[in-house]
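The values are calculated or read from the model by the stated rules, or taken from the named source; none is laboratory data. Quantities reported herein were computed from a predicted structural model and do not represent experimental measurements. Glycine gets a Cβ as well: all are built from the backbone with ideal geometry, and neighbour counts include every protein chain shown.
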Amino acid sequence: MPNFSYQARDHSGQISTGTLVADSIAEAGRLIRGEGKFIVKLAESRSGAASASTDVPMKHHYRNIKRDEVIHFSHQMSVMIDTGVTLGEALDSISDQTTNEHFKAVLADVNSQVQAGQAFSVALESHSKVFPNLMISLLKASEASGTMGQMLERISAYLTKERNTLKSVRGAMIYPIVMMIMAFSVTIFLLAFVLPRFSKIFANRGAALPMPTRLLLGISDFLVNYWYVPTGLVVLLIGTVIYLRTQAWGRKFLDGIKLNMPLLGNMFRQLYITRATRTMGTMIAAGVPMLDMISITRDVTRNSHFEELWDDVDSQLREGVQLSTALFESPLIPGPVSRMIHSGEKAGRLGMVMEKIAEFTEHDFDEAVKRTTEFIEPAMVGFMGALIGFVAISLLLPIFSVGRVMAGG
């Protein structure tokens, strides 16, 4: 039988540790509780080598679990718990219905921990790569208040909005990226493979060729004979960006560019504000402590400038400053948002006001995405048309006067 190591608290609050032998982790949990102890931590004892070998498969599971499955899981758990199904039965049922074997393995581990006496939030926290910190914090608050079913539905709604927000950003970015790739691919194909054939026809008659054609032939010749130069520059650019992302100062530099880009900068700024206000609104309404809320809000913004803002807010809150006062000082937060938060604090209804602010900022974000998309689409079509049109006209100009060109005059 396997050995289990545990950490438990007795009635006096003293922590004790030890090991025991049991058929399963559930049996080990029953034995410890039978001694009148509250389980803090319980896990099967493993050697260092064995533990390392079991960590690898679980990491493999994490990479194959999508956020949509977590959203569906939260919604199903909410319905089952609200209808009186026990936590263990709900986990068993959802695990049986899950078609993703990787998610099934994670749910099986969560269920075994719950059966052993661990709190549901603690069991999920052991798989923080799958279940976000916000979800874990909200569940901890719901376990204390006995509102887990409602909280799981709130989590499902939050994660759904978050997913839709990211889809909006990706949708706005994918179109220009695809168009840019197509434009440059077609241009490089013409310069590297089509133009060299024309250059043989126009050989020794460069003086008779129009300026656009000569310019294009020069670029084509450079790409064919010195292709490694632009290739090296592209590789160097990509490598530089990757390196900058690994350095704190480099990440701050790139995040600053993202916030100040023409047109796109406003969309990204609205994205971070929307995610922050939505997170704060959800957590305040759930009764999560203010400092925990700020810590999680910092994690979801994922921009170094906003992370610095929330670090500063955290420091000021610890000194007794109000949330709205800390936000008033930041140029990253719009004045109307800070004023609405201040009004909510004065009225003692910050949770409700924050949810209203989240709706307001989500509307602004949707408008920013719409404006960005409406501008980018015609701009990219015009850019692509101008680029390819220039190449085509440069090729056709000599053909229109082919007689004069071939005669050398």
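Can you say whether THR231 is assigned by TED's automatic domain parsing to the domain that holds ASN266, under 19 Å from the mean Cα position of the chain (by Cα) and at pLDDT 85 or above, as far as the supplied structure shows?
Considered against the rule, which asks whether it is assigned by TED's automatic domain parsing to the domain that holds ASN266, under 19 Å from the mean Cα position of the chain (by Cα) and at pLDDT 85 or above, THR231 comes out as no.
Scan (1) part of a helix (DSSP H, G or I); (2) at pLDDT below 85 for the single condition ASN204 breaks and write down its number.
Here ASN204 meets the rest and fails (1).
State whether one or more residues within the stretch 275-285 are at pLDDT below 90, of a type in the set (Lys, Arg) and over 18 Å from the mean Cα position of the chain (by Cα).
no
Taking into account only those residues within the stretch 298-317 that are assigned to a helix (DSSP H, G or I) and modelled with pLDDT under 90, which is nearest to GLN270 (Cα to Cα)?
Ranking the candidates gives THR301 first.
Restricting to the stretch 113-126, name every residue that is in contact (Cβ under 8 Å) with a residue 24 or more places away in the chain and crowded, with 19+ Cβ neighbours inside 10 Å.
Once the filter is applied, which keeps residues that are in contact (Cβ under 8 Å) with a residue 24 or more places away in the chain and crowded, with 19+ Cβ neighbours inside 10 Å, the stretch 113-126 yields GLN113, VAL114, GLN115, ALA116, GLY117, GLN118, PHE120.
Kindly indicate whether any position in the stretch 369-381 is at pLDDT 80 or above, among the aromatic types (Phe, Trp, Tyr) and either closer than 30 Å to ALA326 by Cα or assigned to a helix (DSSP H, G or I) (or both).
yes
Residues checked against (1) surrounded by 15 or more Cβ atoms within 10 Å (Cβ to Cβ); (2) not assigned by TED's automatic domain parsing to the domain that holds ALA276:
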site: MET135; (1), (2): yes, yes
site: SER145; (1), (2): no, yes
site: GLN150; (1), (2): yes, yes
site: ARG154; (1), (2): yes, yes
site: ARG170; (1), (2): no, no
site: VAL178; (1), (2): no, no
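Each row is one residue, and each column tells you yes or no for (1) more than 34 Å from the chain's Cα centre (by Cα); (2) at pLDDT 85 or above; (3) under 29 Å from TYR175 (Cα atoms).
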position	(1), (2), (3)
PRO336	no, yes, no
ILE341	no, yes, no
ILE357	no, yes, no
GLU362	no, yes, yes
LEU396	yes, no, no
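Is it true that ARG298 is without any contact (Cβ under 8 Å) to a residue 24 or more places away in the chain, out of contact with any strand residue (DSSP E or B) (no Cβ under 8 Å at 6 or more places or on another chain) and of a type outside the set (Asp, Glu)?
The answer is yes for ARG298.
Which residue out of LEU291, LEU259, LEU264 is within 23 Å of ILE357 (Cα to Cα), assigned by TED's automatic domain parsing to the domain that holds ILE177 and without any contact (Cβ under 8 Å) to a residue 40 or more places away in the chain?
Among LEU291, LEU259, LEU264, only LEU291 is within 23 Å of ILE357 (Cα to Cα), assigned by TED's automatic domain parsing to the domain that holds ILE177 and without any contact (Cβ under 8 Å) to a residue 40 or more places away in the chain.
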